[in-house]
Amino acid sequence: MSAHREFRSGRDLLDGVVVPLVTAMSEPGRPDAGLMDPLLERLAAAGVDALMLFGSNGEGPVLPLDAADAFATRVVARWRALAGSDGRITAAISGVGTDDAIARGRVLANTGVDAVVACPPLFFAHRPGELVAHYDALKVLRVPVIAYNNPRYTGNPITPEVLTRLLGLEHVVGVKESSGDLATLSRFVDVVAARADFGLSQGNERAMVDGLLAGAHGVTPGIANFAPSVAVATVAAVRLSRTDHAADLQSLAAELAGIHRIRPGVPTTKAVLDLLGLIPPHAAAPFLPCDDADRAAIRAHLWEHRRHLIDGDRLGGGAQPIESDGARP
């Protein structure tokens, strides 16, 4: 890594709540950083100081690199102004192969982010040694690298054995664990204990409390895009040993995440933010926006929890609670 720039440790980068930020678009597939200001302002006001761009919530792998570059440059500058010296921001560079990740990394590392985040290569199955070689090759970026375990999307899990080998790479400073498997997380906790600067974030919003109690340094929950105060309060409750309050907040987070029983994925999160008047509902192809029936069901599902949402009074409409199985009313 460069000797001319001071880098933050993985423990610092992944501490507390990291919001896996959505990518606002002026039309389908066209990122527009100018549309992000209201959301960024609300996140900062809620006590968030860390963002991750272009993860699964941010649609990174389907965004053209030039568009991602322009978006990140503007968002990084705005976040620095809002969050000050405490502000942290990373960008995912995941691709189908090592060269693809490096190409994305060379561009996004120059937008002012603190680190890049990389999944194992997408699509093809790879041996453990190939995964380690992939992360080793990312040292050419000369910025910290955070590994991103998301086997649901990559088909290539970062096992505890692979993670042990990644700890030997100086430029790899942390891992985001998004498999949803608490047994894997617990083993990761044991592995990263061997390196004091190495960070560990848990990406399962339905089990934030369990993850933190198991030893994760922070969480990266998708619901923090529209309910950041819930995520921030959950971390605080765990750290203050307020067990009952933490359990209540975890139940609330799981209920909020229930919107994905109506329709899974990014279009649902963007529909929520559109209902709240924060960003348009557009996503990159082949994603299609939620239809009217989905939007009505999402609004109804969130209605009784609207006080926990950003600008929840804007949810509006004659919403009624939906059935607990996520069925439409």
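For the range 283-291, backbone phi angles converted through the Karplus equation (6.51, -1.76, 1.60; θ = phi - 60°) give residue-by-residue couplings of 9, 7, 4, x, 4, 10, x, 4, 7 Hz, Gly and Pro being listed as x.
Extension gain, Asp86-Ser186: 0.36 nm per intervening residue step, less the Cα-Cα distance, totals 33.2 nm.
The overall shape of the range 66-189, judged from the alpha-carbon gyration tensor, is prolate: a/c is not under 1.5, and a/b is greater than b/c.
Between Asp37 and Ala193, the simple spin-label model (points 7 angstrom out along Cα→Cβ) gives 4.9 nm. Simple rule: put +1 on each Lys or Arg Cβ and -1 on each Asp or Glu Cβ in the chain, find the dipole, and look at Val145, Ala247, Ala231; the Cα lying farthest toward the positive end is Val145. Of all the C-alpha pairs in the chain, what % are more than 25 Å from each other? Cα-Cα pairs of the chain separated by over 25 Å account for 48 percent.
Under a 5 Å amide H cut-off, with hydrogens placed 1.01 Å from N, Leu200 pairs with Val175, His217, Gly218 among residues at least 5 apart or on other chains. Taking Cα centre as origin and charging only the Cβ of basic (Lys, Arg, +1) and acidic (Asp, Glu, -1) residues, the dipole magnitude of the range 1-106 rounds to 200 debye. Here the range 149-266 is treated with +1 on each Lys and Arg Cβ and -1 on each Asp and Glu Cβ, and its dipole about the Cα centre works out to around 220 debye. Rounded to the nearest whole Hz, the Karplus-based 3J(HN,Hα) values (6.51 cos²θ - 1.76 cosθ + 1.60, θ = phi - 60°) of the range 25-32 follow the sequence 10, 6, 7, x, x, 10, x, 9, with x at glycine and proline.
Extending 7 Å from Cα along the Cβ direction at His245 and again at Arg314 yields two label points whose distance is 2.9 nm. 3J(HN,Hα) along the range 269-281, derived from phi through the Karplus expression 6.51 cos²θ - 1.76 cosθ + 1.60 where θ = phi - 60°, amounts to 4, 5, 5, 4, 5, 5, 4, 8, x, 9, 9, x, x Hz, with x in place of Gly and Pro. Take every DSSP beta bridge whose two residues both sit in the chain; close to 5 percent of them are antiparallel. Between Lys139 and Val96, the simple label model (points 7 Å from Cα in the Cβ direction) yields a spacing of 2.9 nm.
Report, in whole Å, the centroid distance computed from the Cα atoms of the range 158-204 and the range 1-65. Result: 21 Å between the Cα centres. Computed over the chain, the per-residue total of -39500 (n - 2.57) for DSSP H runs of n ≥ 4 gives a 222 nm mean residue ellipticity of -12000 deg cm²/dmol, rounded to 500.
Looking at Ala44, Ala284, Met208, which one has the Cα that reaches farthest to the positive end of the dipole of the chain (charges on Cβ: Lys, Arg +1; Asp, Glu -1)? The Cα lying farthest towards the positive end belongs to Ala44. Backbone amide hydrogens, once placed in the peptide plane, bring Ala284 within less than 5 Å of Gly29, excluding anything fewer than 5 places away on its chain. Rounded to the nearest 20 debye, the dipole magnitude of the range 10-246 is 140 debye, with +1 charges on Lys and Arg beta carbons, -1 on Asp and Glu beta carbons, and the Cα centre as origin.
No lab work stands behind these numbers, since they all come straight from the coordinates. If you're wondering where the values come from, they're calculated on a predicted model, not measured in any experiment. Note that we place each Cβ from the backbone using ideal geometry, even for glycine, and neighbour counts take in every protein chain shown.
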